[in-house]
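Have a look at the structure below, then the notes.
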Amino acid sequence: MKKLLTLVLALCLVLSLAASASAVTIGFSQIGQESDWRTANTDSINAAIEGHEGWELVYDDAQQKQENQIKALRNFITQGVDYILFTGVVNTGWDEVLAEVNEAEIPLILVDRFPDCMDKIQYAAAFGGDFELEGRRQVQWAGEYLKSLGRDNEEIAVAIMEGTTGASAQVDRTTGNLEALEAYPFMKKVAQQSGNFTRAEGQALMESWLKSVDKIDVLIAQNDDMALGAIDAIKAAGLVPGKDIIIAWPAR
């Protein structure tokens with residue numbers, strides 16, 4: 001939540017400095033509401049914008065579909081908004097439409113997830129976390145906790161529950177997860193699949209793994225909603241989360 005508050009304050013500062021003298025219209029293309037964190041992120045940014053006199057918000061929920069975001073960005077251009085806030089559902093495929101935003105000379109502010117074409121486009125600001133570091137810390141926490149329990153002489157089975165395939169959070173957290181595992185040779189990856197950052201899919205995936213994977217000692221879930229869904233599945237299977245299966249997810 002601290003990161004979320006910092007993000008909102010920073011956005012307000014950037015927009016206030018740029019638009020202090022006049023009313024502005026701000027287009028916000030959000031990926032959707034796949035998690036509780038995302039919902040809080042959306043609500044906080046929207047409330048911050050709507051709370052400023054003279055600021056008009058044009059909000060678009062892409063429902064986790066890239067084609068909806070591309071359409072929204074082009075609609076923002078047509079409407080002639082003054083600023084665009086953008087969180088991309090995936091990393092790739094934005095070159096053309098973001099170039100169109102630049103050609104329209106609309107300041108672009110990147111929020112939370114960053115496209116892979118950042119070196120080719122112009123943007124006024126970018127606010128987000130270090131997803132790769134978050135991924136490393138998940139595994140490091142689990143590895144050090146297992147050591148504290150004296151379990152580093154066992155072969156520990158690790159399942160990695162990834163987020164939406166192609167999202168920067170998924171790509172970078174996976175990189176961090178796998179890199180950190182190399183420092184803990186007693187931890188062996190036995191499963192790796194996407195739960196799409198949602199609680200329902202996290203639960204369904206965990207249910208599937210509990211039936212198909214011989215043993216899971218540690219679950220690395222790339223967000224809290226998937227972890228909560230997995231906890232529901234673990235409990236339903238008669239196991240104790242945190243004891244039978246240790247669970248780590250990134251702090252946000």
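The values are calculated or read from the model by the stated rules, or taken from the named source; none is laboratory data. Worth saying up front: this structure is predicted, and the values here are computed from it rather than measured. Counting neighbours? That spans all protein chains shown, and the Cβs are built from the backbone with ideal geometry, glycine included.
Name the residues in the range 32-56 that are more than 19 Å from G163 (Cα to Cα) and either at pLDDT 95 or above or of a type in the set (G, A, S) (or both), would you? Lay out the reasoning, then the answer.
The initial filter retains those residues of the range 32-56 that are more than 19 Å from G163 (Cα to Cα), namely 43-56.
Listed by number, the residues that qualify are S44, A47, A48, G51, G54.
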Worksheet, complete the sentence: If we ask which residues in the range 26-46 are surrounded by fewer than 16 Cβ atoms within 10 Å (Cβ to Cβ), in contact (Cβ under 8 Å) with a residue 60 or more places away in the chain and either touching a strand residue (DSSP E or B) at 6+ places or on another chain (Cβ under 8 Å) or aliphatic (A, V, I, L, M) (or both), their number turns out to be 0
Worksheet item: Residues in the range 73-87: is at least one small (G, A, S) and buried (at least 16 other Cβ atoms within 10 Å of the Cβ)?
Response: no
Item to complete: Give the residue that is surrounded by the most Cβ atoms within 10 Å (Cβ to Cβ), with candidates limited to residues of the range 197-221 that are over 22 Å from E154 (Cβ atoms) and small (G, A, S).
Response: G202
Discussion item. Looking only at the range 47-57, how many residues end up being surrounded by 17 or more Cβ atoms within 10 Å (Cβ to Cβ) and under 24 Å from the mean Cα position of the chain (by Cα)?
Written reply: 3
Worksheet item: If you go through the range 29-54 one residue at a time, how many are in a loop (DSSP other than H, G, I, E, B) and either closer than 21 Å to F114 by Cα or among the acidic types (D, E) (or both)?
Response: 6
Worksheet item: Of V90, V101, V111, which residue is surrounded by 18 or more Cβ atoms within 10 Å (Cβ to Cβ), out of contact with any Ser or Thr (no Cβ under 9 Å at 6 or more places or on another chain) and among the hydrophobic types (A, V, I, L, M, F, W, C)?
Response: V101
